[in-house]
Every structure is written in structure tokens, then in C-alpha cells.
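The values are calculated or read from the model by the stated rules, or taken from the named source; none is laboratory data. Given the structure is predicted, the values throughout are model-derived calculations rather than measurements. Glycine gets a Cβ as well: all are built from the backbone with ideal geometry, and neighbour counts include every protein chain shown.
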Amino acid sequence: MKLILKIGILSYIICSSIISTYGQLPRLHIEGKNIYDQNDSLIKLRGFNHSRWGEVKKEDASIIKNQLGGNVMRTCLRWHYWGKRDSSNISNARDSSAPGHIKPEYLKKLDSTITWNAKAGIWTILFVNSDQGSGANERHFLNTPTLEKEFIELWLFLANRYKDTPYIGAFEILAEPRFDKYKRNVTHAQLGQFYKKMADTISTVTNGEIPYVIGPMNYYKAKNLTKDYYLKDYQIIYTANMLWPKKYVKGIASYGYPSIELNKKTLETYYIKPLEFREKYNVPVWVDQFGASFLADGYVDYNREIIEYFESKNLHWTYWNFRNSNGNRGIYERTKTGEYKLDTNIFNMFKEILKDKR
């Protein structure tokens, strides 16, 4: 408890310093399709994902900001998350008896990550990922009141903890819901209303001044971003991922890039629905995940040209991912010895792409 208090005090000191430097709390706000910062300057979110508990390093925010030219980190809180194992999974942050229902050691790491981002001037999109709560378990947030109550209490705790923290870009309420995958009889309309209920509840703490991120079943599948998710008059960034084609990005496809199967023209076919959604409802759309494994033939060209596509369509984006332990997609990939190996090809690609966009 004393250690958590010290982290909180340190965060307060750093945050106070940032506020005094800028004259006001760095926050994002949305007008139509556009996102603006606290100075009403138009902003494009370009950055990276941190996906796993304990992978974040103190220097990462500075590398992203100063070496790569990114401005956002999508940061995870995996809660009631088993990940094909069970509730003892080290990635599962849930502790029903702890403050905020979060394991203290996990909360400490989350505090540190958000503080490092703020100090570097990196926006944090904080996402809660719960496979058990979003369909992997028969008892989930939409059919079990006690679980829903605990999930609401988690978010109220997070909102209270970070409502005055600089560079909190958005709260991503429930990352990659998968009710449809497990056939849990949850409709898109019901999920849309669940998002609304959560946003209304969190806004009792934040006054709606921190935007939300929401996306569709199944795993933010692009074609599922439909009218059921549109919430009028809310500060919302809508998302759908583009880890596509699945076999290619995993590095197990028989074809490479470019090829007849996958090229600039075919890339554009996947994201039609999110772009139509953006135009119809006049809202911002963000590609929360994309990126091909370094096992995929032509992966650097694929990643470069998919970013060119995003830029041509004025889409916000975050690459999957910055540090990784087992996915063959990390800019820094952790080896069996615990060391991180830098993929210089991807690193230099991002430096080149972002050098004029800082």
C-alpha cells in the first residue's frame, strides 16, 4: 500500500509540472471526424500498442516520441482475462478484494506506464481487455449482474484515479468483445447499449471530458461496425482493427506481399465499412491494431503500404505492437533469454514514415 501511495504522489508531482508548463490539462476532444488537443490544434493519432503485462520499459515513451515520432501508446489492462489458461494467468489483473479490483502490483505498473507517457508527452489510450467478461465464459458482463457491477466499479476506480492525469487520451471500455465468437446470444445493439451505459457511468466522474473508444464484435471486426454502435452526442473514437489477412499477418500464408492475393488494391477492400461509418455519422475512426509478422514474406513493404493507405484515408492508427514476447510482430521482440531484439527494418521504416509528421 505504501508503494502504491508513493507512485501516486510521484504521478501527482509529474502531472502538476506538466499542467503548469502547458497552462491547462492536456486532453483530447472531438469535433465531427476530427480530434483536437487542449490547444484546439488538429491532431492525428499515430503510435503503438503495448500488449502484455510487464513488457513496458521506462524508456519506451521517449523512444516512441523522440526517435520514432509517434504520439500515442495504447496501453492494456487485462482484467478477468484467462487467455486460454485460467484465472491464475499472470496477465489477469483481477483481484476482487483489492482496491479497484486490481492486483496491487499490476496497478503499480499501470501507474508507472501512464506517468512515463505523460512525462514524455505521449497520449495514453487505456484499454480493458476481458475475454471472460466478453464471452469466453458463459457468465459474462451482460448476463451476470455481479460481474457487471464489479466491472463498473473497476472503471469508476480507473476514472477517479486518472481523471486529472495529463495525456489520458481515451478510455477504451471493452477491447475486442467476442460474444459472437462464443455464441453468447448478445446482439450488436445490446453491446452498443452496454457501451452507452458504461460511458454514462464513467462520465459521472469525468464529466465526459475524457473521450471513449468503442468497437464492434467480433474482435473489432471491421465489417461489424454498423449503426448499432453509433452513440449520438458522445465523445467517442470508433475503432476496428486490420490484422488482415489473418494467415498473412501471422506469417503462415503461402503468398507474400505484394502478390496476386495481397497487394495495394486488395488492402483497400477490408476497411470499407468503417470508412462508410465515419462518413455517415461524421465521427473519427482509428485502426487500433495492424501489423504483419516478420515471418511474412514482404512484411516491411506490407506495413509501409498499409500505413500509406491509412494516411491517404485520414485514419488514426496504432501498430501491433511495440514490445512483444511471442507474436513475431514486436518492434522489440523478447527472446527466450529475456533480452529484447530490435527489428531494425521496422524501426527504421517508422522513423522514415513519421519524420515529417511530428
Read through the list (1) without any contact (Cβ under 8 Å) to a residue 60 or more places away in the chain; (2) out of contact with any Ser or Thr (no Cβ under 7 Å at 6 or more places or on another chain); (3) surrounded by fewer than 21 Cβ atoms within 10 Å (Cβ to Cβ); (4) not charged (D, E, K, R), then give the number of the only condition that Pro104 fails.
(1)
Going through the range 310-346 one residue at a time, which ones are within 21 Å of Thr113 (Cα to Cα) and of a type in the set (Val, Ile, Thr)?
Thr318, Ile331
Among the residues of the range 188-207, how many are outside any helix (DSSP H, G or I) and under 21 Å from the mean Cα position of the chain (by Cα)?
0
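For (1) within 15 Å of the chain's Cα centre (by Cα); (2) surrounded by fewer than 18 Cβ atoms within 10 Å (Cβ to Cβ), each residue gets a yes or a no:
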residue: Ala159; (1), (2): no, no
residue: Ala175; (1), (2): yes, no
residue: Ile214; (1), (2): yes, no
residue: Ala222; (1), (2): no, no
residue: Asp228; (1), (2): no, yes
residue: Gln235; (1), (2): no, no
residue: Tyr238; (1), (2): yes, no
residue: Val249; (1), (2): no, no
residue: Lys264; (1), (2): no, yes
Condition first: closer than 20 Å to Ala136 by Cα and in contact (Cβ under 8 Å) with a residue 24 or more places away in the chain. Now tell me which residues in the range 59-86 satisfy that.
Cys76, Leu77, Arg78, Trp79, His80, Tyr81, Trp82, Gly83
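Matching residues to (1) over 30 Å from Asn160 (Cβ atoms); (2) in contact with a helix residue (DSSP H, G or I) (Cβ under 9 Å, 6 or more places away or on another chain):
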residue	(1), (2)
Asn207	no, no
Ile210	no, yes
Tyr219	no, no
Lys227	yes, yes
Lys246	yes, no
Lys250	yes, no
Ala253	yes, yes
Asn263	yes, yes
Is it true that some residue in the range 271-293 is buried (at least 19 other Cβ atoms within 10 Å of the Cβ) and touching an Asp or Glu at 6+ places or on another chain (Cβ under 6 Å)?
no
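Residue-wise test of (1) crowded, with 19+ Cβ neighbours inside 10 Å; (2) assigned to a helix (DSSP H, G or I); (3) in contact (Cβ under 8 Å) with a residue 24 or more places away in the chain.
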| residue | (1), (2), (3) |
| --- | --- |
| Asn117 | yes, yes, yes |
| Thr124 | yes, no, yes |
| Lys149 | no, yes, no |
| Leu154 | yes, yes, yes |
| Pro166 | yes, no, yes |
| Gly169 | yes, no, yes |
Looking only at the range 126-143, decide whether some residue is assigned to a helix (DSSP H, G or I), among the hydrophobic types (A, V, I, L, M, F, W, C) and either free of Cβ contacts under 8 Å to residues at least 60 places away in the same chain or surrounded by fewer than 16 Cβ atoms within 10 Å (Cβ to Cβ) (or both).
yes
Among the residues of the range 310-339, which ones are over 17 Å from Gly47 (Cα atoms), of a type in the set (Ser, Thr, Tyr) and without any contact (Cβ under 8 Å) to a residue 60 or more places away in the chain?
Thr335, Thr337
Residue under question is Val287, and the condition is that it be among the hydrophobic types (A, V, I, L, M, F, W, C), modelled with pLDDT of 95 or more and closer than 25 Å to Gly54 by Cα; does it hold?
yes
